[in-house]
Amino acid sequence: MALTNLAVFGGAFFTPILVGKITHTIGWPWSFYFVTIFIGVCLPLLFFFVPETAYWRSTHFNTDLASTDDLRPFSKPQESSHDGDNANGIESTTAPDATPGETEKAVAEPRNEPVSHNFAGSDMPLKTFKEKLLPFSGRKSDDQFFKLFLRPFPLFAHPAILWACLIQGTMIGWTVFIGIMLAAIFIGPPLFWDEVNTGYAYTGAFLGSVIGFLIAGGLADWSAKYMTRKNNGVYEPEFRIVLVIPQLVFGCTGLYLFGVTSSKPTEYSWVLPIFAFGLQVGGMVIGAVAASLYVVDAHSRSDLTLLRE
């Protein structure tokens, strides 16, 4: 999850470093030409090597939602006793007129009924490479189309989803705002930077995303495992929320430091706003990892159950 957020945000702050030089050297239209070239190269790779991963999940795997009837075929056969016919709980299947030898043989061989494992999706064969290339492979749900279409909207009223949107969206919004102010502060007076140096100013943001990735990747699982041991071996999705502490430190420090130093860049030096931008981006990556991990871990336990009901 940390690597995914690094790819999203790190790539967003690495490209301005190159685009400034591209704009200054061969013109700004080439920044769009390169995007077109990269998309043209990635399109066939996407078609041939990124198959659809959705599939019809067997119901007995949904341990949070499966009913007892769904899980019963995977339980051990029930042993029964009728009126003391078998002291060990093995049901007697002998006929009333059976001989003593036949009775002992029947008692020694308990009857186990065959167990069926035919669930929806459990016996579906694997697709061939040609079948995986089809642009549409059918629906993966029995729910109505409009129900699936409207399903994400009630999630915004759920506290977990609302918290994740606020904690991640707020930091992303400030990141975009700072990126806009960089051009106004550095290109205009009193610094009068050109587009090359302004693009290089995003180096701090890119390094901040890498640092945020390292911190989130190192703390995410370690902190969850540590708190699980302290909780007598019981894991709770809320253990992921502890990552908001480094997000608070890095994000708020970066925001306030950028606001103070960018108002007087000649007095505080241009290094401090760039450094503050990196801190803010690092906090944003940590918060994105915290929100994503918490939603993923808590989703099947609460949100999906709420939507089914």
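The values are calculated or read from the model by the stated rules, or taken from the named source; none is laboratory data. Everything numeric here is computed off the predicted structure, so don't read it as measured data. Methodologically, a virtual Cβ is constructed for each residue, glycine included, from the backbone with ideal geometry; neighbour enumeration extends over all protein chains shown.
Just one of (1) touching a helix residue (DSSP H, G or I) at 6+ places or on another chain (Cβ under 9 Å); (2) part of a loop (DSSP other than H, G, I, E, B) fails for A183. It is (2).
Applying the selection to region 275-309, what residues are surrounded by fewer than 24 Cβ atoms within 10 Å (Cβ to Cβ) and at pLDDT 90 or above? The answer is F275, and nothing else. Here L214 passes the criteria (1) surrounded by 21 or more Cβ atoms within 10 Å (Cβ to Cβ); (2) over 30 Å from I187 (Cα atoms); (3) modelled with pLDDT of 90 or more except the one numbered (1).
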